[in-house]
Amino acid sequence: MKLEDLNNDNIFKVPDNYFENFPDRLQKRIEETEQQKKVPVIRLRTIINIAAAAVILIFAIYGFTKLNDNTTSADQLLSEISTEDLVDFLVESEMSTDEFLESLDMSIIASTEDPISDEFIPSEPLDQETIDELLDEYEIEMQYL
Amino acid sequence: MSKYLFTRTLQKEREILKKIKDPASRDLGFNQLVVAYQQRLYWHIRKMVIDHDDTDDLLQEVFIKVWKNIEKFREDSNLYTWMYKIATNECLNFLKRKKDKFKVPMEDVNKELYGQLDNSPHISGSAVQMKLQKALLRLPDKQRLVFNMKYFEDMKYDDISKITETSVGSLKASYHIAVKKIEEYIKLH
């Protein structure tokens with residue numbers, strides 16, 4: 001059978017009054033779409049503003065905390081180490097007191113709330129009497145040195 | 001389409017476009033556009049997706065896109081082929097989405113459409129016409145599209161070429177192959 005021998009009648013049907021009602025249904029759908037389009041624009045802008053403010057706030061808090069953390073951690077670090085622990089560390093690491101003092105990051109110490117005043121940093125070598133006084137004060141036995 | 005009808009269609013299109021571009025008569029103009037083209041676009045979509053409800057959804061989508069983009073429409077091109085192009089893309093995307101959604105090959109989607117031919121209350125025809133539709137569902141979607149536009153809608157190859165962005169030579173070859181496949185199917189079933 002050849003195709004040209006067939007009639008090309010339409011076998012598909014539509015519900016009654018479909019084409020009569022379609023323009024009105026479409027108009028309603030377009031109005032709904034327009035309404036929905038207006039609402040998200042406002043919401044989207046609000047969301048973007050809130051998100052931008054939140055990001056700035058988070059960065060500000062993070063930066064502030066981080067800054068404080070450095071100072072606090074230096075304070076905490078120094079205050080948490082007991083003299084005994086410090087001495088033990090020197091013994092275990094076989095580091096001399098001079099080497100230890102040299103290795104300290106003075107900037108961290110200087111950033112503490114109770115900075116070491118200049119009078120505690122000797123500009124000249126200590127005499128034996130002062131050394132003994134310091135050893136007595138910090139209860140460091142000579143065997144550790 | 002005769003030269004007289006073609007000229008009338010163009011004149012009508014221009015009148016409608018003029019109304020749509022004037023904010024005071026935009027709704028009226030668009031309504032006239034819908035009334036003028038709804039049936040042709042409906043049948044174009046329906047022959048591809050078979051189901052009436054799917055066709056109804058897609059037809060609304062097509063007109064919503066036309067509504068949103070009519071300002072961008074260039075008047076040197078034909079409004080009717082522009083809308084057909086939108087409808088064609090909607091159909092092909094719909095069939096592709098259907099395939100992707102169910103993770104099944106296109107053949108299985110076509111089998112589902114095949115079942116709708118037998119069971120839908122909105123489809124009735126002679127045994128030979130049903131065979132023709134079943135044969136059509138065995139064709140690749142784009143070939144089916146070309147066949148529908150040529151055989152059922154009696155469109156010119158030039159217009160089909162603009163809608164599908166395919167050369168006239170390829171369209172003629174595609175239609176010829178489709179006819180052979182359909183005749184073979186009808187002969188065997």
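Computed from the coordinates by the stated procedures, all read-outs in this text should not be read as laboratory data. On a predicted model such as this, the values are computed, not experimentally measured, just so you know. Using ideal geometry, Cβ is built from the backbone for each residue, glycine included, and neighbour counts are taken over all protein chains shown.
A few remarks follow.
- Scattering profile of the range B:97-149 at q = 0.16 Å⁻¹ [log10 I(q)/I(0), Debye over alpha-carbon scatterers]: -0.51
- Sparse-neighbourhood loop sites, GluC sites (Glu not before Pro) in the range B:40-107 - DSSP loop, at most 13 other Cβ within 10 angstrom: B:Glu75
- Over 22 Å (Cα to Cα) - which of B:Lys21/B:Lys65; B:Lys65/B:Lys96; B:Lys12/B:Lys156; A:Lys2/B:Lys134; B:Lys21/B:Lys68; B:Lys72/B:Lys162 fall in this group: none
- The range B:1-104: Cα Rg divided by the 2.2 N^0.38 Å rule of thumb: 1.17
- Translational diffusion coefficient of the range B:125-189 (Stokes-Einstein, Kirkwood radius from Cα pairs, 37 °C, 0.692 mPa s): 272 µm²/s.
- Global dimensions of chain B from alpha-carbon coordinates: Rg and Dmax equal 17.7, 59 Å.
- Neighbour net charge for B:Asp159 - beta-carbon separation under 13 angstrom, K R +1, D E -1: +1
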